[in-house]
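The values are calculated or read from the model by the stated rules, or taken from the named source; none is laboratory data. Please read these numbers as outputs of a predicted model, since none were measured by experiment. For neighbour counting, all protein chains shown are included, and Cβ atoms are generated from backbone atoms with ideal geometry for every residue, glycine included. When the accessible area is computed, the model is the full protein with side chains, heavy atoms only, and any ligands, DNA or RNA have been set aside. Shrake-Rupley method; radii C 1.70, N 1.55, O 1.52, S 1.80 Å.
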Amino acid sequence: MNVLYIVSTLERTGPTRQLLYLSTRVQDLGHRVCVLTLSPEPENSLKGMFVDRGLEVISLDLPRLKSLFVGRARLRQLLIGRAIDVVHTQGVRADSLVSGVDPVVNRIATLRNYPSDDYPPLYGKVKGWLMAWFHLRALAEFDRVAVVSGAIARLLEDYGKLPLDVLHNAVDSQYFRAPGLQERAESRNALSLAPDSFVVVIVGDLIRRKRVPELLFALARLVTPPEVLVVGDGPELDSCMRAVQGTDGVRFLGKREDVRPALWAADVLISSSASEGMPNAVMEAVATGLPCLLSDIPAHRELIAAANTEIPEVLWFNLDNLEQGSPNQLADGLQAVVAYWAQHPVRKCCDAFSVDSMAEKYCLLYAQGRQR
């Protein structure tokens with residue numbers, strides 16, 4: 001089977017890493033794989049990692065505006081010239097481009113969010129709503145649309161036109177594994193953390209639905225605030241800094257090429273998101289044996305329920321009203337994590353989210369083709 005993956009760029013993001021895991025494993029299963037990007041690569045591209053794994057990466061090298069006029073014609077030529085059987089896209093730009101191509105190949109898309117929720121905060125209400133409508137309309141032309149959680153599938157039920165399949169994300173558990181004692185000590189030392197300090201890590205884009213300013217504000221109000229590492233960047237950075245103004249122990253590390261050292265150094269990961277698709281940061285934390293304190297939302301509940309093996313401690317809290325209980329819930333959760341470490345002093349690997357399983361499910365989807 002000849003499979004062509006199409007994305008805008010290979011920018012260093014969670015979805016790009018998911019594509020890296022999937023395309024590598026699909027190639028290992030004996031299929032011919034090519035990754036097509038639409039635009040020149042940014043400075044923080046992961047292209048080198050794809051090439052290092054033996055994957056072919058090519059680009060149309062088109063600006064956004066030009067791709068509207070010549071992108072589909074060039075794509076059709078490529079599909080015919082390479083005898084492509086399956087086109088698999090992710091992202092609004094790739095989805096929109098492929099939706100207008102004659103269905104001579106199986107067209108599969110992966111949707112990692114709910115556009116109607118995500119786009120208005122990012123692009124403004126009017127533009128965001130129009131983008132969401134346009135994206136969903138384009139996806140209706142695909143043979144199958146894989147969503148990364150049942151929570152997203154349920155949100156899309158009212159739309160009624162999408163041939164949906166739920167396929168969860170995966171983690172490279174050979175890389176995101178539990179650290180040995182020496183590895184943990186080295187990670188702490190590299191981040192200038194005291195050996196006996198209790199460390200919270202927060203990982204992800206600093207955007208509104210992640211609710212990181214509220215989380216930091218609540219953590220700062222605890223009787224004994226923990227040390228906090230914030231790994232990520234985004235439009236909410238200033239709000240985050242204001243939330244902890246005048247307090248010590250919170251460090252903003254910005255976006256990191258590799259989040260594993262922060263996960264290895266930490267005692268607990270906290271995610272306060274109001275909504276998620278299938279959060280990579282939580283999956284990677286679980287894989288390294290790190291306990292998690294999670295906002296009680298459907299995507300987090302589904303992620304933990306989907307685990308197919310024993311996982312580290314997972315606790316829940318509600319961050320909807322900071323004045324009524326959130327700090328107390330966080331304090332109780334952190335105390336439970338301390339108790340967990342007292343009983344389980346050595347971290348254990350957790351292969352709860354298998355790349356092999358994800359790739360096999362996608363290959364079945366590729367072979368099924370259009371089933372409406």
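Summary table
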quantity	calculated
Neighbour-limited loop hits for chymotrypsin sites (Phe, Trp or Tyr not before Pro), region 61-167 (at most 16 other Cβ within 10 Å; DSSP other than H, G, I, E, B)	159
Ellipticity estimate at 222 nm from DSSP helix runs (n ≥ 4, -39,500 (n - 2.57)) divided over the chain, nearest 500	-13000 deg cm²/dmol
Exposure rank, largest accessible area first [88, 31; 1.4 Å]	31, 88
Neighbour-limited loop hits for trypsin sites (Lys or Arg not before Pro), region 232-302 (at most 16 other Cβ within 10 Å; DSSP other than H, G, I, E, B)	255, 256
Integer Hz, Karplus 6.51/-1.76/1.60 couplings in order for region 185-202, x for Gly and Pro	5, 5, 5, 5, 5, 5, 9, 6, 9, 5, x, 9, 6, 8, 10, 9, 10, 10
Accessible area per residue in Å² at 1.4 Å probe, computed on region 168-302	40
Listed residues 71, 150, 48, most fluctuating in the chain (Gaussian network, C-alpha, under 10 Å)	48
Region 1-79: C-alpha pair distances exceeding 14 Å, %	61
Full-stretch length increase - residue 305, residue 318 - with 0.36 nm per residue and alpha-carbon distance subtracted	2.8 nm
Close Lys-Lys pairs in the chain, where close means Cα under 28 Å and separation is 8 or more or interchain	17
Label-point separation, residue 360 to residue 2 (7 Å along Cα→Cβ), nm	2.8
Listed residue (22, 262, 350) projecting farthest to the positive dipole end of the chain, Cβ model	22
Rh by Kirkwood over Cα pairs, then Stokes-Einstein D for the chain at 1.306 mPa s and 10 °C, µm²/s	73
Residue-span extension gain [residue 208 to residue 28] - 0.36 nm each, minus C-alpha spacing	61.0 nm
Förster radius 30 Å - calculated FRET efficiency between residue 339 and residue 44 (Cβ-Cβ, nearest 0.05)	0.15
Assigned charges on the beta-carbon of Lys, Arg, Asp, Glu; the chain dipole about Cα centre (debye)	1240
Acute angle (nearest 10 degrees) that the helix 125-139 long axis makes with the longest principal axis of the chain, alpha-carbon atoms	50
Coil-residue chymotrypsin sites (Phe, Trp or Tyr not before Pro) of region 168-228, DSSP, other Cβ within 10 Å capped at 13	175
Given charges at beta-carbon only (K, R positive; D, E negative), |dipole| of region 167-210 in Debye	280
Segment residue 183-residue 237, length gained on full extension (0.36 nm per residue, minus Cα span)	16.4 nm
Size of charge dipole - region 1-105 - debye, nearest 20, with Cβ of Lys, Arg +1 and Asp, Glu -1, no other charges	140
Residue 236 accessible area, assembled protein chains, probe 1.4 Å, Å²	30
Residue among 100, 314, 219 farthest towards the positive dipole end of the chain, charges placed on Cβ	100
DSSP bridge pairs, region 159-315: antiparallel proportion in percent, nearest 5	5
